[in-house]
Amino acid sequence: MRTFAAARLRSPANAGALQAHAVLAATDDWRRGWSLHESRRYSPAVALGGIEAAPRWNGTEAAAVAIVDEQGLGDAVLMARWIPWVIASTGRTPRFYGRAALRRWIEATGCEFVERPVSRSSFDDGADAREIAEWKVALAMSLPNLAQCSTPSDVPAPFAPRALLDARASRVADHSRRVGVCWTSTGANLNKQLRFSPEQFAEIWCPLDGVEFVNLAHDARVGTSAPFGIRRFADVYETGEVLASLDLVITVDTLVAHLAGSLGIPTVVIAPTYYDWRYRWPGERGSAFYPSVRVFRQAYGDDVTVLSRVREHLVSIL
């Protein structure tokens, strides 16, 4: 908790959100943790202009619900598991306001989809205001709190589109070995602990007999030693299509980790030193959201020795 105390002194407005990370990562008191997590709405880095004035869904009303995209694409994928609960609770089809890259993944939940950049400043202009007038709003990352998710055991199974799960099931019967690798988060994520250089990650993709390494890092530099070229994905669903053909994934904590976990693919996530509610803390206790994920945690901020441990694990299981 010393990290939390220091952060509170530096930025009192973020203190509640930071405490939520600690409670959700290190305890089973998730009712309190998700309640604390609601304070993120007041952080300048997260708050969405115009949303606070919109009518809120309370989690029990049989109302038309507008779910609003926020934060990372991976977070939207993680929260998609609660959309069927919204449908069952309201008896109506919710509408998801989100980034275009999410459309096919979110529509597979049975939700309507309206393209809306997550950075748009307000709902109070033009078509948004007219469309949302009859709807109650739920921020995507408020769904666990609205569902009264009290402990890790209350978390629903991950959601993934049926077509991709079927493709994954077909892959399990195939005995060839394909390993997906993602060494960096997007440039939009300023956290340097969520990325390695391709030269550093080359330790992972050193040749192994009978193993094909597959690039999962969207539009990232690959370096000269990589056994693949630069790769670009059209959207989240297309990334999932590639993942469904893999036997193992090794990735930093980014969208790829959430997609692989949602598809039930054995996945190694290289996590940073600090606590984060997506992964259990302290140590390397995995994720309450993705049973197929194994965590390898950096020992300090720019720790690259974790890659040697991951490589040893890879060799031991293939």
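Since every read-out is calculated from the coordinates, none of them should be taken as a lab result. In this text the structure is predicted, and so the values were computed from the model without any measurement. Counting neighbours? That spans all protein chains shown, and the Cβs are built from the backbone with ideal geometry, glycine included.
Key figures for this structure:
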quantity: Residues (crowded, with 17+ Cβ neighbours inside 10 Å and assigned to a loop (DSSP other than H, G, I, E, B)) located in region 275-285; calculated: Tyr275, Trp277, Arg278, Arg280, Trp281
quantity: Residues satisfying the stated conditions in region 254-267, i.e. surrounded by fewer than 24 Cβ atoms within 10 Å (Cβ to Cβ) and closer than 18 Å to Trp205 by Cα; calculated: Pro266
quantity: Residue tally, condition touching a residue at least 12 places away in the same chain (Cβ under 8 Å) and farther than 24 Å from Ala257 by Cα, over region 66-114; calculated: 12
quantity: Listing of helices (runs of 4 or more DSSP H) fully contained in region 50-110 that carry 2 or more residues being farther than 21 Å from His37 by Cβ, over 17 Å from the mean Cα position of the chain (by Cα) and among the hydrophobic types (A, V, I, L, M, F, W, C); calculated: 83-90
quantity: Looking only at region 146-182, and only at residues there that are of a type in the set (Ser, Thr, Tyr) and out of contact with any helix residue (DSSP H, G or I) (no Cβ under 8 Å at 6 or more places or on another chain), the one that is nearest to Gly264 (Cα to Cα); calculated: Ser170
quantity: Candidate set: region 226-240, residues that are surrounded by 18 or more Cβ atoms within 10 Å (Cβ to Cβ) and without any contact (Cβ under 8 Å) to a residue 60 or more places away in the chain; chosen: the one nearest to Ala260 (Cα to Cα); calculated: Thr239
quantity: Sole exception among (1) touching a Gly at 6+ places or on another chain (Cβ under 7 Å); (2) not in a loop (DSSP other than H, G, I, E, B) for Val179, by number; calculated: (1)
quantity: Checking Ile265 against (1) of a type in the set (A, V, I, L, M, F, W, C); (2) more than 23 Å from Gly210 (Cα to Cα); (3) assigned to a loop (DSSP other than H, G, I, E, B), the condition it does not meet; calculated: (2)
quantity: So Thr224, is it β-branched (Val, Ile, Thr) and touching a Phe, Trp or Tyr at 6+ places or on another chain (Cβ under 8 Å); calculated: no
